[in-house]
Structures are given as structure tokens and as C-alpha cells.
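The values are calculated or read from the model by the stated rules, or taken from the named source; none is laboratory data. Predicted model, so just to flag it, every value in this text is computed and none were measured. Neighbour counts are summed over all protein chains in view; Cβ atoms, including those assigned to glycine, are modelled from backbone coordinates with ideal geometry.
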Amino acid sequence: MPTTNSTLDFPPSFHWGVATSAFQIEGAASEDGRGPSIWDTFCRQSGTIKDQSTGDVACDHYHRYVSDVDLIASLNVDSYRFSISWSRVQPKGYGAWNEAGFNFYSNLIERLAEKNILAHVTLYHWDLPQGLQDLGGWLSRETPQRFAEYAAEVARRFGSRVASIATHNEPWCTANLGYGNAQFAPGVADTALSIQVSHHLLLSHGLAIKAMRQVTGDAGPQYGIVLNQWPADAATDTPQDEAEAQWEYARSVEWFMDPIFKGYYPQRALDRMDMSRFHVMDGDMELIHQPIDFLGVNYYTRAFVSAEKPPKEPPGKLGFTDMGWEIYPEGLTALLIGLKHAYPNLPPIYITENGMAAADKITDGVIEDRARIDYVYLHLKALQAAMEQGVDVRGYFYWSLMDNFEWNSGYDKRFGLLYVDYASQERTLKDSAHWYREMIQTQRHGE
Ligand code: IFM
């Protein structure tokens, strides 16, 4: 086990957390008035999910949130990041609110408060109400309007009880995997459309931030957005590889960061993208380019970019996770320092996700996941290096609290600190959970 006591040194005010999302853990898909989301629909289409599973039961968190919060508290964390299922609180995504749905989140927030755990809410973690998809989904300019109404209602009900509200989780995925290559719901493969979807997602972010600030005024929580990001390294120093790496960074990182923090789309991305369906209206960029209180960064790996066909594989000196992602902690340092230089108006950052999938096995009640401990430790070292170079990072959330529904991979990929036996729904702390708990204790008390 790495010697965390001597080599990690985070400020006492640093926040430690774990993260989940609604569709991946809640289950109770048709209980208490919840409407279907695009993921409920997508899971039922043949060939979409590797193990043909659904989110119908997932980790049954909807019924087990009380004991789940006890488990969260047992990890010594002070923060918990979760998302609200839009179709649970507004079954169609427009029209009537569902009080039973809001009660669930109200009870969860209360339970967290009883345990002195800060609640960090995400409004949209990919599960659009099917009712809105039927009206055009994120291709319609009406959906951002509905999203702002939903955001305002959440802020009105919970704004004074939660630490932060993020509009979106990883809009890159919604646009590129949902509309670019059909790997995610709603299963569309059309890159021109994915670009317009990304604009509507950003627009909805701007509209929601404005609407929520109007509701809560200065008394509100911290408002922000969560983006998945990676530095893009050229496989070789050939001009072709360098150009591809720049393009990759522009289309993934700058495409979302520039509108939010600069007020315009990056020219080097616009130059190469299929703009045939791209339509920006007057006033859109001003809405998107609004001050926010924090930026959530989700980091898992870097992009290793090669112009060759087939492309060169990343070296993977530290290995690959069960997702096949290269373990590359120094990419986190490089990414954060790059952001600091490119965006002088950057708000405080939270690492809202970082973690690894591993083929965990339970033996006599023990899960030895040494690789996960090493992964987290090395990424915390990399984060510390960025902070020592002046990047303002306020907290770290491990993804994920527990094993859960890993989208099109189904339940096959295990990211959790808690092992979930899906047959019994029993949760067991992995070795990494024990390590995380002790590491946090040490960081708080400097022991
Ligand atoms: O499980 C996902 C999560 O929903 C969003 N970020 C990446 C995680 C791992 O793939």
C-alpha cells in the first residue's frame, strides 16, 4: 500500500467525497410516479447494452438510501455527489411535478445533513425524460427551456439545503456518444446533429444558471457544470500526429470550455467540424458565457492521438483499467495546468470524478483491489502537483461510491469503493474503501 501519510498533503479545508448518478444506482424505475427516461428506452433496444441489463433495479438505492448514507458516512467523506432523475420529479419533462419524487431527494438531502455530509447535486446525468425525447430531445430548442424550468424548481426546493448544483454531467458524452456514434441513449449516429446537440446542451446550461440565480439570489448554493476532460498527446512528433492531437483537444475540451469561459466556439474546431446543422441564435453565446462558481472536472485518462491507420496504441506503462483506459495520472496535472493558463477567469475546480473499473472478486468477504488504491493514490499525487503549481482545486470525489450500471457496459464493469452483490444487494467495503477512509482521516488530522 502506498505510504499516503508521508506523501499526500492536502489542506485541511479540502473536500473529500464520493459520486454516483441517479440512473446508475437508484432502480425503482417505475415506482412512485417516475416517468421513463431515454435510458429506460435505450436499454430495451436490442444490442445496446453488453449484458442486456437495465436500470430497473440497479443498486436499489431508492429503497436503501438510508443505509447507503450510513456507508457513505463510514468512509469519512464530507461530500456526496449525486444526480436527480428528471423524470422522477417531472415524469414527462414538462407539466406536473411529482411530489413523491421530490420527497425522495428531500429525504436523501436530510439524511446527508444528519451525517454532516454536503450534498452536491447534478441536474442532468444523461437521463432525459422520454416525454421530451418524443418532442425532439436535445435537438429541439424547446428542451433547453424545459431544462431551465426544471433547474429553477430544483433550486427553489433545495437551493438552501445543498452545497452545489451542477447543470450537466459530461455534455461531451451526451452529444458525441448519444448523437455522434449511438453508443449511448438515444442511440443516434450523426456527427452533424451531435454538434447542434452540444450547442443546445450549452445553451440549456446558460439558461439554467440564469434561472436558478433568479430563484435563489445570493443565498443560493454554488452553481457550475461538470465536464469530462483529457489532455491530448500526440503519439509521435510528426506534424500529422501533432495536428490530430490539437484537433482532438479542440473538439473535446475547448469546444465546451471556450463558450463557457470565453463566449465563443474555438475557431480551430469550427474549421474542421461539419457545420451543416449548426445554428446559433443571437444572444445564445451571452447566455452560455455567464460567470459560474465552480468547474467540475472528471478525469480518467488522456487521449493518445495518432494519425496512423490503425492508430498507435498508448504505451500504458502503468497498465490499463478494466475499461481499457490507459492509467496516466500525470495527464491530470497537465490538464489542470493547461486550463489555468488558457482560462484566466477559471473558478475553483472540483475533481468531480476519478476512479477505475477493475475485475473485482469477493473472497470470504474481502475484495483485494490494490490496483484501485494505487490508481487513486497516483492521481491524488498528480492533483497535488497541479495545486502546488497554483491550480485552485477545492475537492476530490471518487467515482464511484459503489459498483453500478456502467451504461452500455451494463453491470460488468466495477468502479465502486463498495462491492455490490447484485443478487442480494449486499454492499461490502473493498480494500480501497478502507484505504480511502484512512487516507482522508490522515489528511484531516495530519497524522
Ligand atoms: O460511470 C460513468 C459516469 O456516469 C460518468 N463519467 C464516467 C463514469 C465511468 O465511465
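Elements of the type strands (runs of 3 or more DSSP E) sitting completely within segment 358-445 and holding at least 2 residues that are within 25 Å of His120 (Cα to Cα) and either in contact with a helix residue (DSSP H, G or I) (Cβ under 8 Å, 6 or more places away or on another chain) or without any contact (Cβ under 8 Å) to a residue 24 or more places away in the chain (or both): these cover 393-399, 426-429. Would you please name the residue that is surrounded by the most Cβ atoms within 10 Å (Cβ to Cβ), looking only at residues in segment 260-278 that are touching a residue at least 40 places away in the same chain (Cβ under 8 Å) and within 20 Å of Pro347 (Cα to Cα)? Taking the candidates together, the pick is Ile260.
Within segment 95-115, the set of residues being of a type in the set (Gly, Ala, Ser) and assigned to a helix (DSSP H, G or I) comprises Ala100, Gly101, Ser106, Ala113. Within segment 116-171, the set of residues being within 16 Å of the ligand (Cβ to nearest atom) and part of a loop (DSSP other than H, G, I, E, B) comprises His125, Trp126, Asp127, Leu128, Glu170. All told, Gly178 meets the bar of being touching a residue at least 12 places away in the same chain (Cβ under 8 Å), out of contact with any helix residue (DSSP H, G or I) (no Cβ under 6 Å at 6 or more places or on another chain) and within 16 Å of the ligand (Cβ to nearest atom). When Asp32, Asp51 are screened for being of a type in the set (Asp, Glu), touching a helix residue (DSSP H, G or I) at 6+ places or on another chain (Cβ under 7 Å), touching a residue at least 24 places away in the same chain (Cβ under 8 Å) and not in a strand (DSSP E or B), only Asp32 passes.
A single entry from Gln130, Gln145 fulfils the requirement of being at pLDDT 95 or above, touching a strand residue (DSSP E or B) at 6+ places or on another chain (Cβ under 8 Å) and of a type in the set (S, T, N, Q): Gln130. Only a single item in (1) within 20 Å of the chain's Cα centre (by Cα); (2) assigned to a loop (DSSP other than H, G, I, E, B); (3) closer than 21 Å to Glu31 by Cβ is not met by Pro91, and it is number (1). Within segment 323-353, restricting attention to residues that are in contact (Cβ under 8 Å) with a residue 40 or more places away in the chain and among the charged types (D, E, K, R), the residue that is nearest to the ligand (Cβ to nearest atom) is Glu353.
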